[in-house]
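Read the figures in this text as sums done on the coordinates, not as results from a lab. These figures come from a predicted structure and were not determined experimentally. Counting neighbours? That spans all protein chains shown, and the Cβs are built from the backbone with ideal geometry, glycine included.
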Amino acid sequence: MAKKSKPNSVVGALNNVLADYYLLTLKTHGFHWNVEGPNFAELHGLFEKQYEQLGEIVDRVAERARALGGFAAGSLEQYLRLTRLTEQTGDRYPARSMIEALLADHEALIRSLREDIEFVSGECGDEGTTDFLIGLMQEHEKIAWMLRAYLS
Ligand SMILES: [Fe+2]
């Protein structure tokens with residue numbers, strides 16, 4: 001499911017990550033609005049917590065790109081070009097399939113972050129960004145665990 005766009009700089013890698021986060025934040029927010037079923041209140045609240053957490057990370061990723069002297073992508077056109085995730089269009093999905101879709105995206109993001117970490121630490125030798133991305137990966141491992149728990 002992942003589209004690949006290989007970065008050629010730390011800022012390039014951060015913009016790929018930024019695009020992934022933007023898409024996943026939007027998808028999670030959409031699920032918060034549109035979830036239905038007997039677990040509505042719980043999932044509505046869970047998705048809200050997650051899009052808030054992701055939205056806060058979006059800002060940190062963008063500002064790290066700026067701190068390194070680069071620019072942060074700020075348009076949907078750029079995000080669609082840069083992301084390794086895919087959008088889910090349409091508004092009506094069973095609650096379980098929403099959780100499955102988010103889990104798949106968080107797992108894909110963990111795999112992409114692992115590659116990004118290898119790139120920024122190995123090829124670029126940027127320890128600060130490596131450390132930053134490792135922190136993000138750990139947040140996803142926790143979110144993925146929570147989503148997985150709903151499916152078991
Ligand atoms: Fe809301």
On Cα atoms only, tilt of 127-151 relative to the major axis of the chain in degrees = 10
If one computes the Cα centroid of segment 77-92 and of segment 111-152, what distance in Å separates the two points?
-> 20
Relative to the longest principal axis of the chain, what angle (0 to 90°, nearest 10) does the C-alpha long axis of helix 10-34 take?
-> 10
Which value in deg cm²/dmol, rounded to the nearest 500, describes the helix-derived mean residue ellipticity at 222 nm for the chain, given -39,500 (n - 2.57) per DSSP H run of n ≥ 4 and division by the residue count?
-> -25000 deg cm²/dmol
When every alpha-carbon pair in segment 1-129 is counted, what percent end up more than 26 Å apart?
-> 24
What angle, in degrees between 0 and 90 and rounded to the nearest 10, separates the Cα long axis of helix 95-118 from the longest principal axis of the Cα atoms of the chain?
-> 10
Within the chain, what is the longest stretch that has no GluC sites (Glu not before Pro) placed in a DSSP loop and near at most 16 other beta-carbon atoms within 10 Å?
-> 88-152
Over the chain, what is the mean sequence separation of C-alpha contacts under 8 Å (at least six apart), divided by residue count, expressed as relative contact order in percent?
-> 31
With DSSP loop assignment and no more than 10 other C-beta atoms within 10 Å, the trypsin sites (Lys or Arg not before Pro) in segment 31-125 are ARG92
